[in-house]
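One structure is given here, and the rest of the page talks about it.
The values are calculated or read from the model by the stated rules, or taken from the named source; none is laboratory data. If you're wondering where the values come from, they're calculated on a predicted model, not measured in any experiment. Cβ placement follows ideal geometry from the backbone for every residue including glycine, while neighbour counts extend to all protein chains displayed.
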Amino acid sequence: MEPRVANKFRLGRKIGSGSFGEIYLGTNIQTNEVVAIKLENVKTKHPQLLYESKLYKMLQGGTGIPNVKWFGIEGDYNVLVMDLLGPSLEDLFNFCRRKLSLKTVLMLADQMLNRIEFVHSKLFLHRDIKPDNFLMGLGQHVNGVYIIDFGLAKKYRDTTTQQHIPYRENKNLTGTARYASMNTHLGIEQSRRDDLESLGYVFMYFLRGSLPWQGLKAGTKKQKYEKICEKKVSTSIEVLCQGYPTEFASYFHYCRALCFDEKPDYAYLRRLFHDLFIREGLNITSCCSFSL
């Protein structure tokens, strides 16, 4: 008997892993629509899937947000059924021999900034901005960039009182060290500015092919985080962005100058890259002109 979910979806092969749980291919038995099915063992120490499914529901309808088809418990698993999407930006980066052209990065940047602005507009921080958490669409949405994996997301403002979360220190690192903002490394509570700084590191990773703090060896995870932090702190924005248009350094200077509870000017950041796009004489074509 083939495994089924909610008597509606057929479970197929494993296609990946999220920050929590495994992701499988699935098929809607009635319509033959292909979907993604995320499974998390109910006995897991820190269950995230119910929280993530609620978050997806709050974000439903936003451009670049996958649709949730079903959430529930099936046997020993919490199950989230959602749109099947295409490859991640990390997959495409590898496919392009680990370098993306300026044109591709600028076209992606526009959409990625839009996605983060939308998540922030719903009063949430993503807190794990990295290439693996942005996926391309499929079919008619093949040029669309989707944001996924909200297992680490956090509300930064109370819906009723509109109070911003308080400034705190001595926090443990949440997210992925490679793309973590300077303040996150320093133990400061994350806010909107940190999602944007992380995105800046993603841009430089795509353009440069790697970041200066990759591949550092250490005995423990804690020591590795410390080494990454040291390298990040000692690498100036100018050195990180050397050889690339000054707009990228301007982006970092802007993000790092933001106050803890300040609302970023997303339109200004998009304009920065849009003007660079025009100045470089680039033509808007499909976003998937991933330069090989």
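A few comments on the model shown:
- Considering the conditions (1) outside the structural domain of residue 248 (by TED's automatic domain parsing); (2) over 17 Å from the mean Cα position of the chain (by Cα); (3) among the charged types (D, E, K, R), residue 98 is excluded by exactly one of them, (1).
- Only one of the listed residues (239, 233) is β-branched (Val, Ile, Thr), in a helix (DSSP H, G or I) and in contact with a helix residue (DSSP H, G or I) (Cβ under 8 Å, 6 or more places away or on another chain). That residue is 233.
- Any hit, segment 106-113, residues being touching a residue at least 60 places away in the same chain (Cβ under 8 Å), out of contact with any Lys or Arg (no Cβ under 8 Å at 6 or more places or on another chain), under 24 Å from residue 16 (Cα atoms) and in a loop (DSSP other than H, G, I, E, B): no
- Filtering segment 123-159 to residues that are in contact with a Gly (Cβ under 6 Å, 6 or more places away or on another chain) and of a type in the set (Asp, Glu) leaves 128, 149.
- Test: residue in segment 171-185 that is more than 16 Å from the chain's Cα centre (by Cα) and surrounded by fewer than 15 Cβ atoms within 10 Å (Cβ to Cβ): yes
Residue-wise test of (1) among the small types (Gly, Ala, Ser); (2) in the same structural domain as residue 113 (by TED's automatic domain parsing); (3) under 19 Å from the mean Cα position of the chain (by Cα); (4) at pLDDT below 95.
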site: 4; (1), (2), (3), (4): no, no, no, yes
site: 7; (1), (2), (3), (4): no, no, no, yes
site: 40; (1), (2), (3), (4): no, no, no, no
site: 48; (1), (2), (3), (4): no, no, yes, yes
site: 62; (1), (2), (3), (4): yes, no, yes, no
site: 67; (1), (2), (3), (4): no, no, yes, no
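- Taken over segment 235-292, the residue count meeting the criterion of being under 24 Å from the mean Cα position of the chain (by Cα), modelled with pLDDT under 95 and surrounded by fewer than 16 Cβ atoms within 10 Å (Cβ to Cβ) is 7.
- If you go through segment 222-276 and pick out every residue that is within 26 Å of residue 162 (Cβ to Cβ) and in contact with a Gly (Cβ under 8 Å, 6 or more places away or on another chain), you end up with 1.
- Pair list, Cβ < 9 Å and 6+ apart or interchain, from segment 21-49 residues that are without any contact (Cβ under 8 Å) to a residue 40 or more places away in the chain to residues that are of a type in the set (Asp, Glu) and exposed (fewer than 13 other Cβ atoms within 10 Å of the Cβ): 41/76; 42/76; 43/76
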